[in-house]
Amino acid sequence: MKLASLKEGGRDGTLIVVDRALKRAVRATGIAPTLQKAIEDWAAAAPRLAALADRLRDGSAAGAFDLDTKALAAPLPRAYQWADGSAYVVHVELVRKARGVEMPPSFWTDPLMYQGGSDSFVGCNDPIELADEAWGIDFEGEIGVIVDDVPMGVSPEAARKHIKLVTILNDVSLRNVIVSELAKGFGFFHGKPATAFAPVAVTPDELGEAWDGGKLGLPLISTYNGTEFGHPNAATDLTFDFGQLIAHAAKTRFLEAGTVVGSGTVANRDASVGCSCIAERRVRETIDGGKPVTPFMKFGDHIRIEMLDRAGQSIFGAIDQTVVKYG
């Protein structure tokens, strides 16, 4: 089934069930008022939500309506925790190569992860609001999962069973701000503004054979100002799957239901498939030609991020955003 949240009913939105074609939806407030509440009681809520999805599919769901993605918040408009990995180590390797810096061997065995801001995710059509182009505005196409309660010290195998929903996201980065923040030796803060999410999050069964329990074997398509920027496959060159990322996040803490875990920028070693962020293209340009050519985003630039199933149907709907000046 596919779940989303309307921009109504308060900061956590109103939970809705969406049909597979992303055309029709129905409020699920009789089951759970919000997606957060559904995740917290998933064992009881999931079968009832699935039954509502069946009624929506056969046309018998009372109160069904046409879906307008502009009315959607992020599936989880805010979350108790947002832990973003860097599971495509080939991406990190390229960045370090362009800087002439050797990559520690431990990066291949010990995942990189940071704790991002989860108090205000934004919807799929919300603008990327920022005050200054000089900050080095960049999009980052990623895969994300939403988990139920995860015990501390969980194994990667057991962690995969806690994945309840899968989605895609745009983890916007301010590259020129990040450089100065990392120099302080204390991690990201200003360099990571609000993350945008696809219209819907889906249960793993919606992904069919493309989902193996820990990774999603389909291309993530980024279209920048109307031209395809990249379509790397989300399973190719993935160093750490979501079981490993969740287990890493839970090494010293419990993960509460509704925690979102991200893959980091989807990247493939094969340059012909393009990139999921501008920074990687600039790195490849530097390696090939001695300097970056592609500029970072400007006000008015437009990014669309989407994933299609093997029949060409959009799975999560599109993230479709424009950069605007915050006044």
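The values are calculated or read from the model by the stated rules, or taken from the named source; none is laboratory data. It should be emphasised that the depicted structure is a prediction, and the values quoted were computed from it without experimental measurement. Here the Cβ positions follow ideal geometry from the backbone for every residue, glycine too, while neighbour counts run over all protein chains shown. To get the accessible areas, we keep the full protein, side chains included, count just its heavy atoms, and leave off ligands, DNA and RNA. Shrake-Rupley method; radii C 1.70, N 1.55, O 1.52, S 1.80 Å.
Quick look at the values:
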{"item": "Those residues of region 112-134 which are part of a loop (DSSP other than H, G, I, E, B) and closer than 22 Å to Phe240 by Cβ, in sequence order", "result": "Leu112, Gly116, Ser118"}
{"item": "Residues of region 68-107 classified as β-branched (Val, Ile, Thr), farther than 12 Å from Thr239 by Cβ and in contact (Cβ under 8 Å) with a residue 12 or more places away in the chain, total", "result": "2"}
{"item": "Gly153 of a type in the set (Gly, Ala, Ser), in contact (Cβ under 8 Å) with a residue 24 or more places away in the chain, surrounded by 15 or more Cβ atoms within 10 Å (Cβ to Cβ) and over 20 Å from Asn225 (Cβ atoms)", "result": "no"}
{"item": "Long-range neighbours under 8 Å by Cβ, at least six apart or interchain, first residue open to solvent by 30 Å² or more (accessible area, probe 1.4 Å) within region 119-135, second among the polar types (S, T, N, Q) and outside any loop (DSSP other than H, G, I, E, B)", "result": "Asn125/Thr69; Asn125/Gln321; Asp126/Gln321; Pro127/Gln321; Pro127/Thr322; Ala134/Asn176; Trp135/Asn176"}
{"item": "Filter result (free of Cβ contacts under 8 Å to residues at least 12 places away in the same chain and part of a loop (DSSP other than H, G, I, E, B)) within region 271-294", "result": "Gly290, Lys291, Pro292, Val293"}
{"item": "Matching residues in region 295-316 - criterion: being within 18 Å of the chain's Cα centre (by Cα) and in a strand (DSSP E or B)", "result": "His302, Ile303, Arg304, Ile305, Glu306, Leu308, Ser314"}
{"item": "Search result, residues across region 301-321 that are closer than 18 Å to Asp171 by Cα and either free of Cβ contacts under 8 Å to residues at least 12 places away in the same chain or open to solvent by less than 50 Å² (accessible area, probe 1.4 Å) (or both)", "result": "Asp301, Ile303, Ile305, Glu306, Met307, Phe316, Gly317, Ala318, Ile319, Asp320, Gln321"}
{"item": "Subset tally (residues that are among the hydroxyl-bearing types (Ser, Thr, Tyr) and in contact with a Ser or Thr (Cβ under 9 Å, 6 or more places away or on another chain)) for region 264-300", "result": "2"}
{"item": "Residues of region 41-63 that turn out to be assigned to a loop (DSSP other than H, G, I, E, B) and either in contact (Cβ under 8 Å) with a residue 24 or more places away in the chain or polar (S, T, N, Q) (or both), as a count", "result": "4"}
{"item": "So Arg96, is it surrounded by fewer than 22 Cβ atoms within 10 Å (Cβ to Cβ), over 26 Å from Asp12 (Cα atoms), in contact with a strand residue (DSSP E or B) (Cβ under 8 Å, 6 or more places away or on another chain) and of a type in the set (Lys, Arg)", "result": "no"}
{"item": "Unmet requirement for Ala87, which otherwise passes all of (1) over 30 Å from Gly187 (Cα atoms); (2) surrounded by 15 or more Cβ atoms within 10 Å (Cβ to Cβ)", "result": "(1)"}
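A quick yes/no check of all residues on (1) outside any helix (DSSP H, G or I); (2) within 15 Å of the chain's Cα centre (by Cα):
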| residue | (1), (2) |
| --- | --- |
| Glu209 | no, no |
| Ser222 | yes, yes |
| Phe229 | yes, no |
| Gly243 | no, no |
| His248 | no, no |
| Thr252 | yes, no |
| Ala257 | yes, no |
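One line per residue, one yes/no per condition, for (1) under 30 Å from Pro156 (Cα atoms); (2) in contact with an Asp or Glu (Cβ under 7 Å, 6 or more places away or on another chain); (3) buried (at least 24 other Cβ atoms within 10 Å of the Cβ):
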| site | (1), (2), (3) |
| --- | --- |
| Lys251 | yes, no, no |
| Val260 | yes, no, yes |
| Gly264 | yes, yes, yes |
| Ser272 | no, no, no |
| Ile278 | no, yes, yes |
| Arg282 | no, no, no |
| Thr286 | no, no, no |
